[in-house]
Amino acid sequence: MTSKTPKTVTVSLSEPVTQAEAQITDLTLRRPTAGDLRGINLAFLQMQKTDEVVKLLSRITTPALAPDTVERMDGLDLVACANAVSGFFVTPAQLAAIQAAMG
């Protein structure tokens with residue numbers, strides 16, 4: 001197991017989303033930069049408040065998703081993406097402790 005926080009995470013969507021006539025089945029989320037987080041309430045993001053998650057996902061996904069496309073995502077997929085985003089904010093020491101606790 002690694003104790004390094006990942007720079008990207010791929011999320012397979014349970015329900016594909018369509019944008020510009022393209023059907024998207026997988027999203028790659030990258031760890032946000034300080035600029036990506038501008039204008040986002042970090043406390044609300046950590047609580048996975050939908051507005052903050054939607055705002056951030058439209059900045060860090062590949063393929064790039066418009067905010068209205070993110071809003072059309074299935075709720076299960078939005079939560080999966082929100083969980084992935086939360087993982088970007090775990091320090092390597094915290095990740096190592098979690099992995100050690102899991103055996």
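State yes or no: is residue 10 of a type in the set (Ser, Thr, Tyr), assigned to a strand (DSSP E or B) and under 23 Å from residue 95 (Cα atoms)?
Spelling it out, residue 10 is indeed of a type in the set (Ser, Thr, Tyr), assigned to a strand (DSSP E or B) and under 23 Å from residue 95 (Cα atoms).
Given the residues 94, 48, which is the only one that is outside any loop (DSSP other than H, G, I, E, B) and polar (S, T, N, Q)?
After ruling out the rest, the residue left standing is 94.
Scan the stretch 61-72 and tell me whether some residue there is touching a Pro at 6+ places or on another chain (Cβ under 9 Å) and part of a helix (DSSP H, G or I).
For the stretch 61-72, residues touching a Pro at 6+ places or on another chain (Cβ under 9 Å) and part of a helix (DSSP H, G or I): absent.
Got a sec? Which of 28, 18 is assigned to a strand (DSSP E or B), under 12 Å from residue 84 (Cβ atoms) and either of a type outside the set (Asp, Glu) or touching a strand residue (DSSP E or B) at 6+ places or on another chain (Cβ under 6 Å) (or both)?
On inspection, the qualifying residue turns out to be 28.
Only one of 27, 56 is closer than 14 Å to residue 89 by Cα, surrounded by 12 or more Cβ atoms within 10 Å (Cβ to Cβ) and within 14 Å of the chain's Cα centre (by Cα). Can you tell me which?
The match here is 56.
Out of (1) touching a residue at least 40 places away in the same chain (Cβ under 8 Å); (2) closer than 26 Å to residue 4 by Cα; (3) among the basic types (Lys, Arg), what's the single condition that is false for residue 72?
(2)
Any idea which residue in the stretch 1-10 is farthest from residue 75 (Cα to Cα), counting only those that are touching a Ser or Thr at 6+ places or on another chain (Cβ under 8 Å) and either surrounded by 12 or more Cβ atoms within 10 Å (Cβ to Cβ) or modelled with pLDDT under 95 (or both)?
The qualifying residue farthest from residue 75 (Cα to Cα) is 5.
For the stretch 86-103, name all the residues that are over 22 Å from residue 45 (Cβ atoms) and touching a residue at least 40 places away in the same chain (Cβ under 8 Å).
Of everything in the stretch 86-103, those that are over 22 Å from residue 45 (Cβ atoms) and touching a residue at least 40 places away in the same chain (Cβ under 8 Å) turn out to be 96, 99.
Select from the stretch 31-45 the residues that are assigned to a loop (DSSP other than H, G, I, E, B) and exposed (fewer than 11 other Cβ atoms within 10 Å of the Cβ) and list them in ascending order.
Result: 33, 34, 35, 38, 39.
Quickly run through the stretch 90-103 and pick out the residues that are loosely packed, with under 14 Cβ neighbours inside 10 Å and within 19 Å of the chain's Cα centre (by Cα).
Scanning the stretch 90-103 gives 91, 92, 94.
The values are calculated or read from the model by the stated rules, or taken from the named source; none is laboratory data. None of these values were measured; they are calculated from a predicted model. A quick note on method: Cβ atoms are made from the backbone with ideal geometry, for glycine too, and the neighbour counts reach across all protein chains shown.
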